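One structure, pasted below without further comment.
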Amino acid sequence: AMTLPLLLAALAAAESVATPPRTPSIPFTKYELPNGLDVTLAPDHSVPFACVNVWYNVGSKDETPGRSGFAHLFEHLMFNGSKHHDDEFFKPLQPLGARLNGSTNLDRTNYYECLPAEQLPLAMFLEADRMGWLLPALTGEKLANQKEVVRNERRQNYDNRPYGTAWLSLLKNTFPAGHPYHIATIGLHEEIDAATLDDVKAFFTKWYLPNNASLVITGDFEDATARALVDQYFAPVPRGPDPERTPPAPARFEREVQVRVAEEVPFEQVWMVWHTPALFAPGDAELDLLSSALGDGKESPLYQSLVIEKKLAQDVSIRQNSLAYQSFLVINATASTGHTAAEIVAAVDEVLAAARERGVSANDLAVGLTNYEVGFFANITTIQGKADLLNNYNTRTADPGYLGKDLARYRAATPEAVNAAFREWIVPDRRLVLVYGPEAQ
């Protein structure tokens, strides 16, 4: 069933055949400080709030072998105090009703604070202090505490949850040992446990630098005021050596790899994984649109076949996971009572074979494109969404205004290009089939 926004978008598309689609844009100015920090200012006076948003171009992909979990461990340490505010980061902000958090993934780490606009100096002071002066306040005791917090997080979110370690197994079997994406961001218990204060300080010194970071400020502020605050707080942060990275050779399956994980779970669950092109590379947008055509909504071929007609699965999803070095497409489904992962794999293969044979049509693509456009527009309805989008684009492409080019990838995708990417990348016998299920077959 089509949701109201999709229906409205479809009607609008039908009416506006003659006029080219509007490309959303976020007005901004970007400049660079002498210490290498990228600064992007995007005023928006529609609400009396402002957001400070910092991305560091470091994720778990940048860790040294044997030292996993550091990028995520840092995300925690960054909230425990810095030289000029040696206290919990949340403490001065929460009474103001601020929304703040951080997150780490394979590719990057980000932090943000959204708060009443007149409190912008406080957020900038705190953010700059931990960028430049975290280490003087970092103690062995803080490190020991946060190592335990992170290991508990791993236990809760992964180890002790049904199917919880699936993402860890998926990465481990999709990318070979030594590949930057082989170990999940949460890291391995023994490696987190072994981290010394010196190890952690070395990681910070290498990656947490103004010249490896990007600052975006959105919301209710005047340009001159924001520039003065940036100069006051961020300009004094010392620059470091530009980090060097060596992109890995792309991983490719030469055959079908089957992995079974025995776990006390009520239903078998299956993940089918293919290697795909990196974020923004040719084929990436096409495979996003293919995923949408095959799996979005209850009318989609995968849902109709597996859940409605054959009743083999309780759910099914398909997603192109786009990453900086290389992406992967995943089809995931949970078996219904009395059915198995093997039946699901066979049914998915049937749907893929039929779609490959028939080809994705212009109509299928139009639906996928509408879904993406709804997502793009939703991202820029809040100042927090805008800040994150500008920073995402700046960190990945050095252009905060990449939105138009990003959308153009999807709008330019033809059925021919989508079908070509489908044939090239989603190859039946070059993939991972990962199954979680009880021991007994």
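The values are calculated or read from the model by the stated rules, or taken from the named source; none is laboratory data. None of the values given here were measured: they were computed from a predicted structure. Here the Cβ is made from the backbone with ideal geometry for all residues, glycine too, and neighbour counts use every protein chain on show. These area figures cover heavy atoms from the full protein model, side chains too; ligands, DNA and RNA do not enter into them. Shrake-Rupley method; radii C 1.70, N 1.55, O 1.52, S 1.80 Å.
Please give, to one decimal in nm, the separation of the simple spin-label points placed at residue 149 and residue 245, each 7 Å out from Cα toward the Cβ.
So the label points at residue 149 and residue 245 sit 2.6 nm apart.
Oh, and also: By the gyration tensor of its Cα atoms, with a ≥ b ≥ c the square roots of the eigenvalues, what is the shape of the stretch 24-118: rounded for a/c under 1.5, prolate for a/b over b/c, or oblate?
It is oblate, given that a/c is not under 1.5 and a/b is not larger than b/c.
Using only protein heavy atoms and a 1.4 Å probe, report how much of residue 204 is accessible, in Å² to the nearest 10.
Counting only protein heavy atoms, residue 204 exposes about 10 Å² to solvent.
Kindly provide the Kirkwood hydrodynamic radius of the stretch 236-276 in Å, to one decimal, from all pairs of distinct alpha carbon atoms.
15.7 Å is the Kirkwood radius here.
Suppose each label sits 7 Å from its Cα in the direction of the beta carbon; what would the residue 23-residue 356 distance come out to in nanometres?
Modelled inter-label distance: 3.5 nm.
Using alpha carbons only, how many degrees (0 to 90, rounded to 10) separate the axis of helix 140-154 from the longest principal axis of the chain?
Here the helix axis deviates by roughly 20 degrees.
Also, I was wondering about something else. What do you reckon, how do 389, 188 stack up by accessible area (1.4 Å probe), largest on top?
Result of the area sort, largest leading: 188, 389.
Right, next: Using Cα atoms only, what is the angle between the long axis of helix 403-412 and the major principal axis of the chain, expressed in degrees (0 to 90) to the nearest 10?
10 degrees
Stokes-Einstein diffusion coefficient for the stretch 166-245 at 25 °C in a medium of 0.890 mPa s, Rh from the Kirkwood formula over Cα pairs: what value in µm²/s?
It diffuses with D of about 150 µm²/s by this estimate.
Let me check something: with ligands and nucleic acids excluded, how do 82, 361 order by accessible area (1.4 Å probe), largest to smallest?
Ranked list, largest accessible area first: 361, 82.
Another question about this same structure. Can you work out ³J(HN,Hα) from phi for every residue in the stretch 61-73, in order, using Karplus 6.51 cos²θ - 1.76 cosθ + 1.60 and θ = phi - 60°, giving whole Hz and x for Gly and Pro?
Values, residue by residue: 5, 9, 7, 7, x, x, 10, 7, x, 5, 4, 6, 4 Hz.
For labels at residue 363 and residue 205 in the simple 7 Å Cα→Cβ model, what's the distance in nm?
Rounded to a tenth, the inter-label distance reads 6.4 nm.
Nearest 10 degrees is fine. How inclined is helix 284-295 to the longest principal axis of the chain, computing both from alpha carbons?
Value to nearest ten degrees: 50.
Could I ask something else about it? Just need the Rg to Rh number for the stretch 379-441, please, alpha carbons only, Kirkwood Rh.
Radius of gyration over Kirkwood radius for the stretch 379-441 works out to 1.23.
Assuming a viscosity of 0.692 mPa s and a temperature of 37 °C, what translational diffusion coefficient in µm² per second does Stokes-Einstein assign to the stretch 51-195, Rh being the Kirkwood radius over Cα pairs?
Diffusion coefficient, whole number: 203 µm²/s.
For the stretch 59-109, state the semi-axes of the equivalent ellipsoid (square roots of 5 times the eigenvalues of the alpha-carbon gyration tensor), sorted largest first and rounded to whole angstrom.
Working through the eigenvalues yields semi-axes of 26, 13, 6 Å.
Right, next: Roll a 1.4 Å probe over the protein chains and send me the accessible area per residue for the chain in Å².
Result: 44 Å² per residue.
Where does the chain land at 222 nm, in deg cm²/dmol rounded to the nearest 500, when only DSSP H runs of n ≥ 4 count, each adding -39500 (n - 2.57), divided by all residues?
Roughly -12000 deg cm²/dmol at 222 nm, from the helical runs in the chain.
For a 26 Å ceiling on Cα separation, which of these pairs sit above it: 61/298; 147/386; 91/201; 147/206; 142/206; 298/405?
61/298; 147/386; 298/405
What residues have an amide H closer than 5 Å to that of residue 179, excluding those fewer than 5 places away on the same chain, when H is modeled at 1.01 Å from N in the peptide plane?
Sorted by chain and number, the residues that satisfy this come to none at all.
Specify the residue with the greatest mean-square fluctuation among 338, 59, 401, computed from a Gaussian network of the chain linking alpha-carbon atoms under 10 Å apart.
Looking only at 338, 59, 401, the largest GNM fluctuation is found for 338.
Of all the Cα-Cα pairs you can form in the stretch 306-441, what percent are over 18 Å apart?
Result: 67 percent of Cα pairs exceed 18 Å.
Take the Cα of residue 86, step 7 Å along the line toward its Cβ, and report every residue of the stretch 122-145 whose backbone nitrogen sits under 19 Å from that point.
Inside the label zone: 126-145.
Further, regarding this structure: For residue 411, what accessible surface area do you get with a 1.4 Å probe? Give it in Å², rounded to 10.
Approximately 60 Å² of residue 411 is accessible to the 1.4 Å probe.
Shifting gears a bit: Apply the Karplus curve 6.51 cos²θ - 1.76 cosθ + 1.60, θ = phi - 60°, to the phi angles in the stretch 111-123 and return the couplings in whole Hz, x for Gly and Pro.
Going residue by residue, I get 9, 8, 9, 10, 7, x, 4, 6, 8, 3, x, 5, 4 Hz, with x marking Gly and Pro.
Follow-up question, since we're still on this one. Build a GNM of the chain with springs between Cα atoms under 10 Å: which of 139, 29, 340 gets the top mean-square fluctuation?
139
Next question, about the same structure. Can you send over the solvent-accessible area of residue 114, 1.4 Å probe, protein chains only, in Å² to the nearest 10?
20 Å²
Classify the stretch 245-366 as rounded, prolate or oblate, taking a ≥ b ≥ c as the square roots of the eigenvalues of its Cα gyration tensor: rounded when a/c is under 1.5, otherwise prolate if a/b is larger than b/c and oblate if not.
Since a/c reaches 1.5 but b/c is at least a/b, the shape of the stretch 245-366 is classed as oblate.
Would you mind telling me which residue in 211, 391, 160 has the biggest mean-square fluctuation in a Gaussian network model of the chain, where springs connect alpha carbons within a distance under 10 angstrom?
160
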